[in-house]
Amino acid sequence: LTMDFEEGVMVTDKKSLQKMNINLNELSYTLSRAFSEMIFVHGFVHCDPHPGNILIRPIQHKGVQKVQIVLLDHGLYRLLDESTRVNYSGI
(Lines give C-alpha, C1' and ligand atoms only; values in the text may rest on other atoms or scores of the structure.)
Protein backbone atom coordinates (compact mmCIF):
# COMPACT_ATOMS: atom_id res chain seq x y z
CA LEU A 1 0.00 0.00 0.00
CA THR A 2 1.38 3.37 -1.03
CA MET A 3 -0.13 6.60 0.21
CA ASP A 4 0.62 10.22 -0.53
CA PHE A 5 -1.19 13.44 0.36
CA GLU A 6 -2.29 15.48 -2.64
CA GLU A 7 -3.51 19.07 -2.50
CA GLY A 8 -6.67 20.09 -4.32
CA VAL A 9 -10.38 20.64 -3.97
CA MET A 10 -13.16 18.26 -4.86
CA VAL A 11 -14.39 18.57 -8.42
CA THR A 12 -17.90 19.31 -7.09
CA ASP A 13 -16.84 22.23 -4.86
CA LYS A 14 -17.89 25.00 -7.23
CA LYS A 15 -17.36 27.85 -4.74
CA SER A 16 -13.77 26.84 -3.97
CA LEU A 17 -13.01 26.33 -7.66
CA GLN A 18 -14.31 29.83 -8.42
CA LYS A 19 -12.25 31.31 -5.54
CA MET A 20 -9.15 29.76 -7.15
CA ASN A 21 -10.16 31.37 -10.47
CA ILE A 22 -10.65 27.96 -12.09
CA ASN A 23 -12.47 28.33 -15.39
CA LEU A 24 -15.32 25.83 -15.04
CA ASN A 25 -15.68 25.45 -18.80
CA GLU A 26 -11.97 24.65 -19.12
CA LEU A 27 -12.27 22.22 -16.22
CA SER A 28 -15.21 20.43 -17.82
CA TYR A 29 -13.39 20.18 -21.15
CA THR A 30 -10.13 18.99 -19.58
CA LEU A 31 -11.87 16.40 -17.39
CA SER A 32 -13.92 14.92 -20.22
CA ARG A 33 -10.87 14.89 -22.51
CA ALA A 34 -8.73 13.13 -19.89
CA PHE A 35 -11.25 10.35 -19.30
CA SER A 36 -12.00 10.03 -23.02
CA GLU A 37 -8.31 9.65 -23.83
CA MET A 38 -7.81 7.10 -21.06
CA ILE A 39 -10.71 4.97 -22.32
CA PHE A 40 -10.83 5.45 -26.08
CA VAL A 41 -7.12 5.90 -26.88
CA HIS A 42 -5.35 3.85 -24.22
CA GLY A 43 -8.12 1.46 -23.19
CA PHE A 44 -7.77 2.12 -19.44
CA VAL A 45 -10.92 2.41 -17.33
CA HIS A 46 -10.64 3.91 -13.83
CA CYS A 47 -13.34 1.91 -12.05
CA ASP A 48 -14.05 4.34 -9.19
CA PRO A 49 -14.20 7.88 -10.66
CA HIS A 50 -16.66 9.43 -8.17
CA PRO A 51 -16.17 13.08 -7.12
CA GLY A 52 -14.31 12.09 -3.94
CA ASN A 53 -11.57 10.58 -6.12
CA ILE A 54 -11.09 13.63 -8.33
CA LEU A 55 -9.26 16.68 -7.01
CA ILE A 56 -8.66 19.91 -8.89
CA ARG A 57 -5.85 22.41 -8.43
CA PRO A 58 -4.48 25.35 -10.39
CA ILE A 59 -1.00 25.20 -11.90
CA GLN A 60 1.09 27.67 -13.85
CA HIS A 61 2.08 26.57 -17.35
CA LYS A 62 4.18 28.96 -19.41
CA GLY A 63 2.92 31.87 -17.33
CA VAL A 64 -0.75 30.94 -17.74
CA GLN A 65 -2.96 29.41 -15.05
CA LYS A 66 -4.24 25.99 -16.08
CA VAL A 67 -6.32 23.28 -14.46
CA GLN A 68 -4.64 20.15 -13.11
CA ILE A 69 -6.71 17.06 -12.39
CA VAL A 70 -5.56 14.72 -9.63
CA LEU A 71 -7.07 11.24 -9.84
CA LEU A 72 -7.11 9.29 -6.59
CA ASP A 73 -7.67 5.63 -5.72
CA HIS A 74 -5.95 3.70 -8.46
CA GLY A 75 -6.85 0.38 -6.87
CA LEU A 76 -9.07 -0.87 -9.64
CA TYR A 77 -8.56 -0.39 -13.36
CA ARG A 78 -9.67 -2.43 -16.32
CA LEU A 79 -7.88 -2.68 -19.62
CA LEU A 80 -10.21 -2.85 -22.59
CA ASP A 81 -9.25 -5.20 -25.38
CA GLU A 82 -8.73 -3.57 -28.79
CA SER A 83 -12.09 -4.67 -30.21
CA THR A 84 -14.09 -3.40 -27.22
CA ARG A 85 -12.17 -0.10 -27.14
CA VAL A 86 -12.77 0.56 -30.84
CA ASN A 87 -16.44 -0.47 -30.69
CA TYR A 88 -17.01 1.55 -27.55
CA SER A 89 -15.47 4.64 -29.13
CA GLY A 90 -17.97 4.39 -31.98
CA ILE A 91 -21.04 4.67 -29.75
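The values are calculated or read from the model by the stated rules, or taken from the named source; none is laboratory data. None of the values given here were measured: they were computed from a predicted structure. Here the Cβ positions follow ideal geometry from the backbone for every residue, glycine too, while neighbour counts run over all protein chains shown. For accessibility, only protein heavy atoms count, side chains too; no ligands or nucleic acids. Shrake-Rupley method; radii C 1.70, N 1.55, O 1.52, S 1.80 Å.
Under a straight-distance cross-link criterion of Cα-Cα below 18 Å, which aspartates and glutamates are reachable from residue 66, leaving out those fewer than 8 residues away in the same chain? Once the sequence-local aspartates and glutamates are set aside, what remains near residue 66 is 6, 7, 13, 26. All C-alpha pair distances within the range 1-47, sorted into 5 Å bins from zero, spread as 5, 17, 19, 18, 19, 16, 5, 0 percent across the bins.
Projecting the Cα atoms of 63, 10, 53 onto the charge dipole of the chain (Cβ charges, centred on the Cα centre) puts 63 farthest toward the positive pole.
Solvent-accessible surface of the chain, averaged per residue with a 1.4 angstrom probe and all protein chains in place: 73 square angstrom.
More than 20 angstrom separation, counting every C-alpha pair in the range 17-76; what % is that?
Numbers: 516 of 1770 pairs.
Of all Cα-Cα distances in the range 17-76, 29 percent exceed 20 Å.
Please work out the FRET efficiency for the pair residue 4 and residue 84, using the Cβ-Cβ distance as r and a Förster radius of 35 Å; give the result to the nearest 0.05. That pair, residue 4 with residue 84, gives E of 0.65.
With the gyration tensor restricted to C-alpha atoms of the range 42-91, the semi-axes of the equivalent ellipsoid amount to 28, 16, 9 Å, longest first.
With all protein chains present, how much of the accessible area of the chain (probe radius 1.4 Å) comes from carbon and sulfur, to the nearest whole percent? It would help to have the intermediate numbers written out before the result.
On the way: 3680 of 6680 Å².
Answer for the chain is 55 percent, counting heavy atoms of protein chains only.
Ranking 29, 88, 77 from most to least accessible surface, computed with a 1.4 Å probe over the protein chains only, gives 29, 88, 77.
Under the combined filter of DSSP loop state and at most 12 neighbouring Cβ atoms within 10 Å, the chain retains these trypsin sites (Lys or Arg not before Pro): 62.
Surface listing: 40, 5, 35 arranged by accessible area from highest to lowest gives 5, 40, 35, probe 1.4 Å.
Can you list the GluC sites (Glu not before Pro) in the range 3-89 that are in a DSSP coil and have 12 or fewer other beta carbons within 10 angstrom? Mind showing how you got there, number by number?
On the way: sites: 6, 7, 26, 37, 82; in loops: 6, 7.
Hits after loop and neighbour filter: 6, 7.
Ranked by solvent-accessible area (1.4 Å probe, protein heavy atoms only, all chains present), the residues 84, 12, 30 order from largest to smallest as 12, 84, 30.
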